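One structure below.
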Amino acid sequence: MTRDEAETAALIERLVGSVADGEDQAVEAALRPKDLNEFIGQEKVREQLDLVLRAARARGATADHVLLSGAPGLGKTTLSMIIAAEMEAPLRITSGPAIQHAGDLTAILSSLQEGEVLFLDEIHRMSRPAEEMLYMAMEDFRVDVIVGKGPGATAIPLELPPFTLVGATVRAGLLPPPLRDRFGFTGHMEFYEPAELERVVHRSARLLEVETTSEGAAEVAGRSRGTPRIANRLLRRVRDYAQVKADGRITREIAEAALAVYEVDARGLDRLDRAVLGALLKLFGGGPVGLSTLAVAVGEERETVAEVAEPFLVREGLLARTPRGRVAMPAAWEHFGLVPPRQGGPAGGREGPH
Ligand SMILES: Nc1ncnc2c1ncn2[C@@H]1O[C@H](COP(=O)(O)OP(=O)(O)OP(=O)(O)O)[C@@H](O)[C@H]1O
């Protein structure tokens, strides 16, 4: 290997990244469904994707580029792995924030094998020049490698083997239209219904060899915010509790006691959700308040509040996003045991009767 090749390999290694260490990551990887049949819920996306992949296989062609949109933890990475497995193709995983320069993307694209699936997580966070390079790569399987700098710079066209790009984003609307339009198929991932999450919990419990009653699984599922990753995480924590404090079996009582320890409340709100709602209610009298102000108040990034906490709070009817700012809904006051201030009264609300 020459020095250039070694540097490129190191660069790709850094960009593509390996799965983080730790028992939880290893367990999470083991819990991933391996094919579309094992993948629970998301009927629409599954059916549509199944058609796209079957048709490509029948033609002996590389599958069209796929865009997956949806909140974190709904299974976008898992689906990209399934796409690669179903196409019997290798998979490369990277993310938008890892690609800061067009050269970063060239390094990855130029090392792809024919038919390879490239999973680009958080595609909306890629740098502009890289994004523009991706347009051409997706459409014509070609990139221009820029050699040199300034007026003397020349563009050398480089042919790429056909590949399938699987882009993942929290919202398809975050992508510029020219990029969005280059995907042959867009799958919108929805939050999971409680019954689907119960199936996820049962499946994971079976794989982890943990005995779980129906009520125990329902309790974990009900607090998992419609998200399989959270269901799996809560299941692992409840399993720990059941092993240390009881006989290892997950019942409703054990799930309730364990989740109280981990500060996940009966509605599934976690510490961040409660911080956001608590600030909205107690500091801003229920709003309206701007996203930036709210984010500063809870010491989080705007994006974290908007993309991690809010979709669930909105869906639960606890918070509304209005043109004037974020507003707490009556259910939020109730959940916190607070009474909303009267119009024109002092901000902050009063303690309720319970
Ligand atoms: N439909 C499903 N059926 C069973 N398990 C699932 C399903 N979807 C996701 N999971 C589980 O949830 C975990 C999280 O999924 P995954 O990493 O694919 O989410 P993601 O949408 O890519 O999240 P992020 O965008 O944050 O990376 C996985 O470990 C997987 O086991």
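The values are calculated or read from the model by the stated rules, or taken from the named source; none is laboratory data. Predicted model only: the values in this text are computed from it and were never measured. A quick note on method: Cβ atoms are made from the backbone with ideal geometry, for glycine too, and the neighbour counts reach across all protein chains shown. Remember, those area values only see protein heavy atoms, side chains included, never the ligands or the DNA or RNA. Shrake-Rupley method; radii C 1.70, N 1.55, O 1.52, S 1.80 Å.
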Note: among 40, 108, just one is under 26 Å from residue 233 (Cβ atoms), in contact with a helix residue (DSSP H, G or I) (Cβ under 7 Å, 6 or more places away or on another chain) and of a type in the set (A, V, I, L, M, F, W, C), namely 40
Could you tell me whether residue 68 is at pLDDT 95 or above and either over 13 Å from residue 192 (Cα atoms) or surrounded by 13 or more Cβ atoms within 10 Å (Cβ to Cβ) (or both)?
-> yes
Next on the checklist: Here is a check on your reading of the model: is residue 227 within 13 Å of the ligand (Cβ to nearest atom), under 20 Å from residue 45 (Cβ atoms) and either open to solvent by less than 20 Å² (accessible area, probe 1.4 Å) or among the hydroxyl-bearing types (Ser, Thr, Tyr) (or both)?
Outcome noted: yes
Pairing a residue in the range 193-204 that is within 12 Å of residue 216 (Cα to Cα) and modelled with pLDDT of 95 or more with any residue that is assigned to a helix (DSSP H, G or I) and within 8 Å of the ligand (Cβ to nearest atom), where Cβ atoms lie under 6 Å and the two sit 6 or more apart in sequence or on different chains, gives 201/231
Checked the range 259-300 for anything of a type in the set (Phe, Trp, Tyr) and surrounded by fewer than 19 Cβ atoms within 10 Å (Cβ to Cβ); matches are 262
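Rundown of residues vs (1) assigned by TED's automatic domain parsing to the domain that holds residue 69; (2) over 26 Å from residue 337 (Cα atoms); (3) touching a helix residue (DSSP H, G or I) at 6+ places or on another chain (Cβ under 7 Å); (4) of a type outside the set (Gly, Ala, Ser), yes/no style:
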| site | (1), (2), (3), (4) |
| --- | --- |
| 230 | no, no, no, yes |
| 235 | no, yes, yes, yes |
| 248 | no, yes, yes, no |
| 251 | no, yes, yes, yes |
| 254 | no, no, yes, yes |
| 282 | no, no, no, yes |
| 299 | no, no, no, no |
| 309 | no, no, yes, no |
Scan the range 11-25 and tell me whether some residue there is at pLDDT below 90, open to solvent by 100 Å² or more (accessible area, probe 1.4 Å), in a helix (DSSP H, G or I) and basic (Lys, Arg). yes
In the range 38-60, anything within 15 Å of the ligand (Cβ to nearest atom), assigned to a helix (DSSP H, G or I) and surrounded by 13 or more Cβ atoms within 10 Å (Cβ to Cβ) is listed as 45, 46, 48, 49, 50
